[in-house]
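What follows is one structure encoded as structure tokens, with my remarks underneath.
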Amino acid sequence: MSTTAPSVDTGQVTARLSTLDRFLPVWIVAAMVAGLLLGRLVPGIGLVLDSLKVANVSLPIAVGLLVMMYPVLAKVRYNETRTVVGDRKLMVTSLILNWVAAPAFMFALAWIFLPDLPEYRTGLIIVGLARCIAMVMVWNDLACGDREAAAVLVAINSVFQVLAFGALGWFYLQVLPGWLGLATTSVEFSFGAITLSVLIFLGIPLLAGFLTRTFGERARGRDWYEGTFLPKLGPWTLYGLLLTIVLLFALQGDEITSNPLDVARIAVPLLIYFVVVFGAGMVLGKLVGLGYPRTTTLAFTAAGNNFELAIAVAIGTYGVTSGQALAGVVGPLIEVPVLVALVYAALWAQKKYWPAAETLPTEKTS
């Protein structure tokens, strides 16, 4: 057990990622290309995918969505909440950033950059509502953040999304635009459809993840569960994501190749969002005196987004060929390299702005 958050040479960050995580942008691009080729070579793939549906989502895509969500939620330490929940400064700042500031900022960016592309705009707003529960654990660990705090914030985000995602979607897609004199979403929007998508594609894997950890630790202990079981389960998140991307791009191929600039226009507000929200989290954590590990955790959990859920909701509500779904798919392609860069930024900030006396005890196993 060390007495301070360890200082890590930024040159070692990439090396500490697994091969799958290190080349995640490459795998995503490869999946996109494979999907485009599949769509060209198999013109009738849309009819095949639509032949059997679950919650208005084709069965193969539904399987991909559930597979990519389950391992992430099996990693959460649901029973480690006391010390973190007792940190009121962390809880309040996290709730404000995650559920007030970040969604509102994405709403503003979507309208500023995509005023003439309502489907992509709606997709970005949905992304802003899907708070991070996945790769944030990786980025937080690489940046020497507080692991237990990250686990608790992930658990809170997971539960909160089940309870509030539908209401927030209704507010940001119909109520707030109406108040501001802006166009609301199309009649395809349904509070019930979004809620059903969240319950299925987050609720089911959340319950499965909770039960898996509970019974896995009870049967074999935490060391076995986290040292043996989770490393074998973890890669399935990527497999599920890549399967989903392949199928989505197979269906979206004509739209993507015909409008490449639209994809670039989706990427710009995403890039701005990640950098600004992360910076706000670091500054706010420093101002309220959280210490480096929990400040870093605050920043990453606020900046990252649950693209798995955003994709699932967009598909379940608007369909697999919708612009909303495409906006969600573009997300991880931008998020991964940007958040890796922000790991380096966090480690630089640790050396410059957080002397050893301001760090919290933390234990690193990597």
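The values are calculated or read from the model by the stated rules, or taken from the named source; none is laboratory data. It should be emphasised that the depicted structure is a prediction, and the values quoted were computed from it without experimental measurement. Positions of Cβ are backbone-derived with ideal geometry, glycine not excepted, and every protein chain shown enters the neighbour counts.
Considering segment 158-177 alone, what residues qualify as being touching a Ser or Thr at 6+ places or on another chain (Cβ under 6 Å) and at pLDDT 85 or above? Spell out the reasoning first.
Keep residues of segment 158-177 that are touching a Ser or Thr at 6+ places or on another chain (Cβ under 6 Å), which gives 166, 173-174, 177.
Selection gives LEU173, GLN174, PRO177.
Evaluating CYS144 against the criteria (1) of a type in the set (A, V, I, L, M, F, W, C); (2) buried (at least 21 other Cβ atoms within 10 Å of the Cβ); (3) at negative phi leaves one unmet condition, (3).
Please find, among ALA314, ALA280, the residue that is assigned to a helix (DSSP H, G or I), under 30 Å from GLU148 (Cβ atoms) and either among the aromatic types (Phe, Trp, Tyr) or touching a residue at least 60 places away in the same chain (Cβ under 8 Å) (or both). Give the steps one after another, and end with the answer.
Values: ALA314 fails: under 30 Å from GLU148 (Cβ atoms).
The conditions single out ALA280.
Applying the condition of being under 17 Å from the mean Cα position of the chain (by Cα) and buried (at least 21 other Cβ atoms within 10 Å of the Cβ) to segment 76-102 and asking which residue is modelled with the lowest pLDDT yields VAL76. Name the residues in segment 122-157 that are among the acidic types (Asp, Glu) and assigned to a helix (DSSP H, G or I), would you? ASP141, GLU148 - these are the residues of segment 122-157 that are among the acidic types (Asp, Glu) and assigned to a helix (DSSP H, G or I).
Residues of segment 120-164 that are hydroxyl-bearing (Ser, Thr, Tyr) and within 24 Å of ALA108 (Cβ to Cβ): TYR120, THR122. Taking segment 227-242 as the range and being touching a residue at least 12 places away in the same chain (Cβ under 8 Å) and either assigned to a loop (DSSP other than H, G, I, E, B) or not aromatic (Phe, Trp, Tyr) (or both) as the test, the residues that pass are LEU230, LEU233, GLY234, PRO235, THR237, LEU238, GLY240, LEU241, LEU242.
Counting only residues that are part of a helix (DSSP H, G or I) and surrounded by fewer than 19 Cβ atoms within 10 Å (Cβ to Cβ), how many does segment 169-188 have? Break it down stepwise before answering.
We begin by selecting, within segment 169-188, every residue part of a helix (DSSP H, G or I); these are 169-179.
Retained after the next criterion (residues that are surrounded by fewer than 19 Cβ atoms within 10 Å (Cβ to Cβ)): 170-171, 174-179.
Of the residues in that region, 8 qualify.
Here GLY319 meets each of (1) modelled with pLDDT under 90; (2) more than 16 Å from GLY128 (Cα to Cα); (3) crowded, with 24+ Cβ neighbours inside 10 Å with one exception, condition (3).
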